Amino acid sequence: MLSVLDLFRVGLGPSSSHTVGPMRIANRFLREARRAGFLATAQRIEIELQGSLALTGIGHGTDKAVILGLLGFAPETAEPDDAEAAFKTAIATKTLALAGGPSFPFRPVKDILYRGDIVPDLHPNGLALRLYSSASTETPDFTRVYYSTGGGFIASARRLARPAKDDVVEDRARSPFAFGSAAELLALCEAKELAIDALILANEEDRERSETVSQIDFITDTMLACVDRGLNTDGILPGGLEVVRRAPDLYRKLKTGAGVNEREALFDWLNVYAMAVNEENAAGGRVVTAPTNGAAGILPAVLRHYCCEDDGAPIRSKAQRFLLVAGGIGLLYKQRASISGAEMGCQGEVGVACSMAAGGLAAVWGATPAQCLAAAEIGMEHNLGLTCDPVGGLVQIPCIERNAIGTVKAVNAARLALHQTGQGKVSLDQVIETMRQTGLDMSSKYKETSQGGLAVNVVEC
Ligand code: SF4
């Protein structure tokens, strides 16, 4: 089993598949090149972005992420300001200083290839890196191809090409309560008389339990810090669309109490928290994949509204239950389908986040495991077919509002499930499989390529 903590990665925006994953790939490439003895003699590097990484790579900042990874920045620890300064220096000086390796001339126009015409068989987010021991030679000394498979996960060609033994990620036997489907998860909860969060926690037994819990608390704090920064940072988002940050203004209005008696104020609060995170993400700030950067606003918004005191202080027991259950549901999507917009469209990002948040919130409200899974099912059922068509290749339109809508939908899904009696007609496993099939059938125009939908119907500024 994967760990729930694998789903919640801290990194810089705006995209887990196009920013966090590529930065990790660059880190890994350097390690492999060093081990193979090719790093010290390198005089040139070629970065080839393939498929969706090429088609939306500029708007998503993939080129920058790879360069930062080569400079030694890691998604978990990179400070946005330091990273920006290092990137600007590399571009201005036309020099790349490989972490732990040599410095050499670097010209993005020549050394970064955008190969949107290459659609890799293994995954649409391909990234080839090549080292040359001479600036003039045509033949690389060291080449690796990797894939950014969504949510910050990365894989080598060898790993992806390996046929899956079953539908569960390897090392299944190491978890005491391994499950490969929602039905198995539910059966385990009932047989062991465990709530979903207790079962997920037990599955983390290869870590010290206190370590898992403290990591969950760290994720909570990072999510809430992101909400806070987004609520208090005005300005225009980068990238050229001139999108104004809306969360701070709405937050000021809500704080002064305008319209506070309106029943619909609930929507405003959920909206403002979700947009705060996604505006931070769009600005390249520090966010938590949940399960991706593009969909990073939904879980923190529910967390902030339902698992915190009025002043924003987390209520730890609620936050832990929420994230463990949401994470357990996220694992089902990761293992049985995909959380990559380039493979599934936005149903695999915002849809999955909505499903995770619905299940987690139902647990916070005291739902049974069956009701939690029903909430997750409803959260996805009404996102099926959701396309990914970011305008200008930027994670702004429709992404920011879409997280707000997804948050409200998640809360409603949890409410519906709590009032549900008996078995629903559609199971979570059925809806995950439907999402997977829908994603496979979906035209590539709607899978993070900016070649269809809003991306071609909205005129860029
Ligand atoms: S439309 Fe959805 S999947 Fe596509 S970039 Fe935006 S949030 Fe991600």
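Restricting to Cα atoms and excluding each atom paired with itself, what does the Kirkwood estimate give for region 15-161 in Å?
It works out to 15.0 Å.
By per-residue mean of other Cβ atoms within 10 Å, what is the highest-first order of 143-151, 15-23, 310-318, 118-126? Show your work: numbers first, answer last.
On the way: 143-151: 24.7, 15-23: 33.3, 310-318: 12.1, 118-126: 20.2.
The most tightly packed comes first, giving 15-23, 143-151, 118-126, 310-318.
Which FRET efficiency value, to the nearest 0.05, do you get for ALA36 and LYS425 by plugging their Cβ-Cβ distance into 1/(1 + (r/R0)^6) with R0 = 45 Å? Don't skip to the end; give the middle numbers.
Values: r = 55 Å, r/R0 = 1.22.
That pair, ALA36 with LYS425, gives E of 0.25.
Starting with the fewest neighbours, write out LYS255, LYS425 ranked by other beta-carbon atoms found within 10 Å of each beta-carbon.
Fewest-to-most ranking of LYS255, LYS425: LYS425, LYS255.
How long is the gain from ARG263 to ASP310 if the chain were fully straight, where each residue apart is worth 0.36 nm and the alpha carbon distance is subtracted? Provide the component values of the computation, followed by the final result.
Details: separation 47, 0.36 × 47 = 16.92 nm, distance 1.77 nm.
Once the chain is fully extended between ARG263 and ASP310, it gains 15.2 nm.
Report the extension gain between SER317 and ASN457 in nm, rounded to one decimal, defined as 0.36 nm multiplied by the number of residues separating them, less their alpha carbon distance.
On the way: separation 140, 0.36 × 140 = 50.40 nm, distance 4.56 nm.
So the extension gain works out to 45.8 nm.
Sorted from largest down, what three extents in whole angstroms do the Cα atoms of region 309-461 have along their principal axes?
Per principal axis, max minus min of the Cα coordinates gives 46, 39, 24 Å.
Suppose R0 equals 22 Å. What FRET efficiency, 1/(1 + (r/R0)^6) with r the Cβ-Cβ distance, do LEU384 and ALA183 give to the nearest 0.05? Please list the in-between numbers first.
Numbers: r = 20 Å, r/R0 = 0.89.
That pair, LEU384 with ALA183, gives E of 0.65.
Between region 83-133 and region 294-327, what's the alpha-carbon centroid distance in Å?
The distance from the Cα centre of region 83-133 to that of region 294-327 comes to 37 Å.
First select every other residue whose beta carbon is under 12 angstrom from the beta carbon of ALA362; then total the charges, Lys and Arg +1, Asp and Glu -1. Mind dumping the intermediate values first?
Working: positive: ARG321, ARG415; negative: ASP197, GLU377.
Once positives and negatives cancel, what remains is 0.
Based on other C-beta atoms within 10 Å, arrange LYS447, LYS409, LYS253 from fewest to most. Numbers along the way, then the final one.
Numbers: LYS447 25, LYS409 22, LYS253 14.
Lowest count first: LYS253, LYS409, LYS447.
For the chain, what relative contact order do you get, as a whole percent, if you take Cα pairs closer than 8 Å and at least 6 residues apart? Present the calculation step by step, with values, prior to reporting the outcome.
Values: 942 pairs, mean separation 85.5, N = 461.
Reported as a whole number, the value is 19 percent.
In debye to the nearest 20, how big a dipole does the chain give about its Cα centre with +1 on each Lys and Arg Cβ and -1 on each Asp and Glu Cβ? Show your work: numbers first, answer last.
Numbers: 45 positive and 53 negative charges, 147 e Å.
Dipole magnitude for the chain comes out near 700 debye.
Identify, among THR212, LEU224, LEU201, the residue whose Cα sits farthest towards the positive end of the charge dipole of region 201-270, taking +1 on the Cβ of Lys and Arg and -1 on the Cβ of Asp and Glu, with the dipole about the Cα centre.
Of the candidates, LEU224 comes out farthest on the positive side.
What does the chain give for Rg and for Dmax, in Å, if only its C-alpha atoms count?
21.6, 71
Going by C-beta contacts inside 10 Å, put THR368, THR292 in order with the fewest on the left. Numbers along the way, then the final one.
Working: THR368 17, THR292 31.
Going from sparsest to densest Cβ surroundings: THR368, THR292.
Given labels modelled 7 Å from the Cα in the Cβ direction, how far is it in nm from GLU79 to ASP234?
Each label point lies 7 Å from its Cα, and together they span 2.6 nm.
Roughly what would the spin-label model give for GLU190 and SER210, points 7 Å off Cα along C-beta, in nm?
3.7 nm
Straight distance only, please: which aspartates and glutamates reach the Cα of LYS318 with their own Cα at less than 16 Å, same-chain residues fewer than 8 apart left out?
ASP197, ASP217, ASP221, GLU309, ASP310
Using a Cα-Cα cut-off of under 22 Å, which lysines could be cross-linked to LYS88, ignoring same-chain neighbours fewer than 8 residues away?
Straight-line reach from LYS88, under 22 Å: LYS64, LYS110.
Beta carbons within 10 angstrom, averaged per residue: use that to sort the peptides 179-188, 272-281, highest first.
Descending packing order for the listed peptides: 272-281, 179-188.
Using alpha-carbon pairs under 8 Å, 6+ residues apart, how would you state the relative contact order of region 70-209 in percent? Please report the intermediate quantities before stating the final value.
Values: 106 pairs, mean separation 15.6, N = 140.
Normalised by residue count, the contact order of region 70-209 is 11 percent.
Quick note: the coordinates plus some simple rules give every number you see, no bench work behind them. Remember, predicted model here, so these are calculated numbers, not experimental data. Don't worry about glycine lacking a Cβ; one is built from the backbone with ideal geometry, like all the others, and counts go over all protein chains shown.
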